[in-house]
Structures are given as structure tokens and as C-alpha cells.
Ligand SMILES: [Fe+2]
């Protein structure tokens with residue numbers, strides 16, 4: 001009865017009823033250690049009546065070794081409900097473990113796309129996002145790194161069955177994390193809007209998300225105003241709904257090497273790649289895509305791409321996101337590495353075909369803008 005239920009900004013109380021309705025006795029909880037530490041007093045009363053096994057010993061940016069350890073613990077415990085609490089990494093970790101724990105195929109084959117022989121998870125998954133950014137609670141895919149290469153595990157069975165997204169879970173985010181999360185949501189929504197696979201539904205969520213973010217991001221991140229943070233919770237959820245339909249495009253595709261090789265958080269990495277991607281795409285796009293980019297400029301209240309880039313950088317600075325790419329140890333010699341690690345799957349969603357030369361232009365432009 002409570003499958004596929006969603007509670008946005010309705011407090012945490014619905015968690016009590018949700019667990020009851022899943023008829024649960026044993027709950028496997030995948031949680032970000034840091035996030036759960038500050039939320040313990042708010043969430044633990046709901047979990048107290050149950051036999052709970054926590055799994056929190058995993059790195060940011062889910063890797064296959066951590067997932068395998070999680071699956072072992074999960075199967076030894078044999079839960080009847082799974083709960084994921086945290087930012088994008090913890091939610092993806094929860095989605096991957098709950099899904100992969102019940103597969104007969106080798107999990108490497110499933111992750112690398114060599115097999116689509118998916119089995120349905122045995123138990124339901126409730127997602128509680130603790131950042132307003134990734135929208136991971138809404139997507140049917142999860143990010144997994146195998147030896148620094150990013151894969152996207154994708155199946156309709158991965159998406160959480162129920163969601164509790166609430167301001168009380170995100171309010172205490174440190175400013176830099178709030179900034180990175182906001183830029184992730186903003187970048188995802190822009191990429192979804194122009195993506196090859198966009199439709200009226202995805203465009204609606206993408207545009208609403210961009211509007212909400214532009215209206216609320218500064219006061220939410222900088223001034224911690226509750227009414228604005230609430231709107232960011234919604235914007236993040238909409239961003240997830242949008243990319244669940246379209247997936248992301250070139251800015252995300254190029255960003256993963258910054259995260260795995262230079263340890264730049266995901267939201268910050270995509271923030272570096274959105275402006276140069278927008279600029280080069282506009283130069284080679286047909287009128288239909290140019291119109292979409294003009295609509296994006298409109299939503300930013302600017303008329304030119306140069307002004308868009310200026311505004312984007314100002315926003316980054318306001319949110320404490322460093323705008324000098326060289327301060328992360330990158331040099332111009334890393335251009336080839338970034339291009340060689342581009343994610344081909346996400347590239348195919350881009351609205352225009354990008355040659356290797358175009359990718360070089362985007363990466364060079366990124367170094368120029370953020371020097
Ligand atoms: Fe993202």
C-alpha cells in the first residue's frame with residue numbers, strides 16, 4: 001500500500017508509518033557516516049523498535065569493493081527492508097546494494113553492461129536524501145566506479161520504492177556541500193533540458209528545477225533561510241525526475257575524471273564543465289538546440305553566453321566553490337587524460353554530435369574560463 005510513496009517537506013513522521021506498512025522487523029541501513037552522525041537524534045527514534053544493521057564504512061563515490069562488502073553484510077543479515085540515508089554517494093550505494101544483493105549473474109557483468117539479466121530485489125528500499133542536489137532518490141541508475149572508471153548501473157528495479165525528502169535532513173549541511181549539491185542539481189537540470197531524449201515531462205521538471213534553483217540557491221546556501229532550503233529540496237527532486245527520463249550529457253560525461261583523479265567533488269566537477277559545454281554546444285548546434293540554450297540564458301536573466309559564464313562563476317564564488325581549476329593540481333597536460341576518460345554512454349545523450357576536436361575545445365575552454 002505504501003509502495004512508491006513520496007513525502008516531500010512533510011517532516012520525518014511518515015517514516016514510522018512507512019516501516020509499519022512494509023511489515024518490517026529487520027532493517028538494513030546504508031548511511032553516510034557523517035550525515036547520520038548529525039541526524040542520529042532525529043532518525044533513531046523511528047528505528048529503535050526494529051532489529052537494525054548499519055553499513056557506513058564506504059568511501060564517497062561508490063566503488064565495487066565497498067559494494068561487495070555491503071552485499072556480504074546485507075546477505076548475512078537477511079533484512080526485510082532497506083533504508084538509504086545520505087547524499088548521492090550513500091543513496092547510490094544503497095540502491096546498488098539492495099539491487100545487486102539478489103542477482104544470480106556476476107555483479108561485474110551487470111555493472112559493466114555485459115548482461116541485463118536482472119532480478120527484482122527481494123525487499124523494498126526507502127531513500128532519505130540528506131543533500132539537496134543529486135536527486136538520486138528519483139533515478140533508476142546508480143554510479144559505480146571500478147578502478148577509477150565510472151559506470152552507471154541501470155534498471156527499473158534500482159529506483160527506491162519510497163522517498164522521504166525533508167528540510168530537516170538537509171538543513172545542517174556545511175556550506176560547501178550545500179553549494180556543490182546545488183550546482184549538481186542545476187547542471188543536471190540544464191543538461192536534461194537540452195538532452196537528446198528530452199520530452200515534455202522531462203522539460204517541465206528541468207525548467208521548474210532551474211527556476212527554483214535560481215530563485216532560492218543563494219539564500220539557501222549563503223543565508224540558510226528555511227523557506228529557500230525547502231524549495232531547494234523540491235528543486236533537487238525535480239532534477240532527479242528530469243534526468244531519470246533523459247540522463248545527463250557532456251558536462252557530466254567529462255566530469256568524472258576530475259572526481260576520480262583529482263578528488264574534486266561531483267557537484268563541483270560538473271560546475272566546471274557546464275559553462276564550456278554550453279558555449280561550444282551553442283557554436284555548433286542547430287536552431288532548435290540554440291533556442292533551448294537561449295531559453296536557459298533567459299532563465300539566468302542574461303542575454304549572452306559571456307554573461308552566462310560570468311554569472312555562473314559569481315554564483316560558484318558565492319557558494320564557496322573555488323573557480324581556479326589549477327588549484328586542484330591540474331595542468332594543461334591533463335587535457336588528454338580528461339578526454340580519454342569521457343563517459344561514452346552519457347555523450348550519446350548530448351543534443352549535438354561532438355567530435356574529439358569539440359571535446360578538446362570544451363576542455364580547453366574549461367581551463368580558460370576557470371584559470
Ligand atoms: Fe550529477
Exercise for the section: For region 6-169, count all C-alpha to C-alpha pairs, find those more than 25 Å apart, and express that count as a whole percent of the total. Expected result: 22
Fill in the blank from the handout: Taking Rh as the Kirkwood radius computed over alpha-carbon pairs of the chain and applying Stokes-Einstein at 25 °C with viscosity 0.890 mPa s, one gets a diffusion coefficient in µm² s⁻¹ of 119
Completion exercise
Taking a ≥ b ≥ c as the square roots of the Cα gyration tensor eigenvalues, with a/c under 1.5 meaning rounded and otherwise prolate when a/b beats b/c or oblate if not, region 176-316 comes out rounded
Handout entry: Mean residue ellipticity (222 nm) of the chain, computed from DSSP H runs ≥ 4 via -39,500 (n - 2.57), nearest 500
Key = -17500 deg cm²/dmol
Exercise for the section: Mind pulling the angle between the C-alpha long axis of helix 356-369 and the longest principal axis of the chain? Nearest 10 degrees, somewhere in 0 to 90. Expected result: 90
Exercise for the section: Would you mind ranking 194, 312 so that the residue whose beta carbon has the fewest other beta carbons within 10 Å leads the list? Expected result: 312, 194
Exercise for the section: Could you work out which residue, out of 65, 108, 137, moves most in a Gaussian network model of the chain, that is, has the largest mean-square fluctuation with Cα springs under 10 Å? Expected result: 108
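Need one word for region 82-176: rounded, prolate or oblate. Basis is the Cα gyration tensor (sqrt eigenvalues a ≥ b ≥ c); a/c below 1.5 gives rounded, then a/b vs b/c decides.
Because a/c hits 1.5 or more and a/b fails to exceed b/c, region 82-176 counts as oblate.
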Practice task
For region 80-134 and region 238-275, write down the distance between their C-alpha centroids in whole Å.
Solution key: 20
Exercise for the section: Work the Kirkwood hydrodynamic radius out for region 133-246: mean of 1/r over every pair of different alpha-carbon atoms, inverted, in Å. Expected result: 14.4
Handout entry: DSSP bridge pairs, the chain: antiparallel proportion in percent, nearest 5
Key = 20
Handout entry: Among 112-125, 92-105, the order from most to least packed when residues are scored by Cβ within 10 Å on average
Key = 92-105, 112-125
Handout entry: Relative frequency of Cα-Cα separations exceeding 18 Å in region 248-371, percent
Key = 49
Exercise for the section: Using only Cα atoms, tell me the angle between helix 305-318 and the longest principal axis of the chain; keep it within 0 to 90° and round to the nearest 10. Expected result: 40
Handout entry: Gain on full stretching of the segment that runs from residue 23 to residue 215 - 0.36 nm per residue minus C-alpha separation
Key = 65.0 nm
Problem - Shape of region 17-95, Cα gyration tensor, a/c cut at 1.5 - result: oblate
Problem - Degrees, to the nearest 10: 250-262 long Cα axis against longest axis of the chain - result: 70
Fill in the blank from the handout: Ranked by GNM mean-square fluctuation in the chain (Cα springs under 10 Å), the top entry among 244, 21, 63 is 21
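Contour minus end-to-end for residue 304 and residue 340, with contour as 0.36 nm per residue of separation and end-to-end as the Cα-Cα distance?
9.9 nm
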Practice task
Find the relative contact order for region 239-324 and round it to a whole percent, using C-alpha pairs within less than 8 Å whose residues are 6+ positions apart.
Solution key: 20
Handout entry: Cα centroid of region 293-371 to Cα centroid of region 31-71, whole Å
Key = 34
Handout entry: Principal axis dimensions, region 181-242 - Cα atoms, whole angstrom, descending
Key = 36, 16, 15
Handout entry: Among 320, 199, 76: highest mean-square fluctuation, GNM of the chain, C-alpha pairs under 10 Å
Key = 76
Problem - Distance between modelled label sites at residue 262 and residue 227, nm, 7 Å Cα→Cβ extension - result: 3.9
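A short reminder: the numbers here are calculations on the coordinates, not readings from a lab. A quick note: this is a predicted structure, and the numbers were derived from the prediction, not measured. No Cβ is skipped: glycine too gets one built from the backbone with ideal geometry, and neighbour counts run over all protein chains shown.
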